[in-house]
Amino acid sequence: MDTAPMAHSARTSPLDKPVIRLALAGLTLLAFYLIYKFVLEPERNFLRAYTHALTQFSAALLHLFGYNVGVILPPASSAGFLTINTVPCVEVATSCNGFNLLGVYAVVLFLFRGKISTKLIFLVGGGLIIYFVNALRIAALALHYHYAPESADFNHKYTYTLIIYAIIFLIWHTYIKRFSGRNPVSPLIA
């Protein structure tokens, strides 16, 4: 006679299967890309408003530290420009405004296990952190281009990118460790 304890027959969701979760992740990222590329990017009104707001916020941060900052927001362009002492320093293009990072952050966050309410809190809180850090990045780039233009391109391409990605991974890591449930190592493995 078998004396082994009976296993609990917990109800499982199709989302508990790693292949399904991986396919869902791919489809969600593809959907975000298609919406971004074929709806938001061609229309430009939303991305223009987002980029202009980010440019103005970056200028406000520099102004807080006493810099004579100007903002140029051409109506026919989606880009915004920052000036320091009337000298153009940095262009904030829609490709550099970080909106695509917010989208990827949100998509990946919702693929982790956990309560929807906690995910929404992390979505808003993490989104605000990413927006703020991106504004700091733009302000730092403006200062960098103004005072040390010879190293600004390298730092724009590598240093600041590494910092913002590290912050995104730190937010995801915090969510996984504290709120995702059973497996803190991988969201796609049950």
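What follows is calculated from the coordinates using simple rules that are stated; it is not laboratory data. All values derive from a computational prediction rather than experimental measurement. Cβ placement follows ideal geometry from the backbone for every residue including glycine, while neighbour counts extend to all protein chains displayed.
For L101, L30, what's the fewest-to-most ordering of other Cβ within 10 Å of each Cβ?
L30, L101
To make sure I understand, if each residue's beta carbon is the centre and we count other beta carbons within 10 Å, what order do E150, E91 fall in, fewest to most?
Ordered from fewest to most neighbouring Cβ atoms within 10 Å, E150, E91 come out as E150, E91.
Near K177, which lysines are there with a Cα under 21 Å away, not counting those fewer than 8 places off in the same chain?
Within the straight-line cut-off, K177 pairs with K17, K115, K119.
Amide H neighbours of C89 under 5 Å, counting only residues 5+ apart in sequence or on other chains, H built in-plane at 1.01 Å?
L82, T83, I84
Among V124, V69, rank each residue by its count of other Cβ atoms within 10 Å, from fewest to most, as a rough exposure measure.
V124, V69
Describe numerically, in nm with one decimal, the distance between label points set 7 Å from Cα along Cα→Cβ at A23 and at A76.
4.9 nm
What's the extension gain from Y158 to R178 if we count 0.36 nm per residue and subtract their Cα-Cα distance?
Answer, rounded to one decimal: 4.2 nm.
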